[in-house]
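Quick note: the coordinates plus some simple rules give every number you see, no bench work behind them. On a predicted model such as this, the values are computed, not experimentally measured, just so you know.
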Amino acid sequence: MISAQLAVEIALDAARSGRADETIVLVTDRADTSLRWANNSMTTNGV
């Protein structure tokens, strides 16, 4: 998977090379982690 910043740069470079008058790039970056308690200590879902 590529980073959100790299995706924006690729899209904007493509727009510049195509001589676009206007360009809009929308990127949503998301990460989820679940925490739980086991044996009196906090643990994660492995992510």
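Structural remarks
- Seen against the Cα atoms of the chain and their longest principal axis, helix 4-17 is set at about 10 degrees.
- Here Cα Rg over 2.2 N^0.38 Å was calculated from the structure, and among (i) 1.31; (ii) 1.36; (iii) 2.00 it sits at label (iii).
- Length released on extending from T44 to R30, taking residue separation times 0.36 nm less the Cα-Cα span: 3.3 nm
- Relative contact order (%) - criterion: Cα under 8 Å, at least six apart; region: the chain: 27
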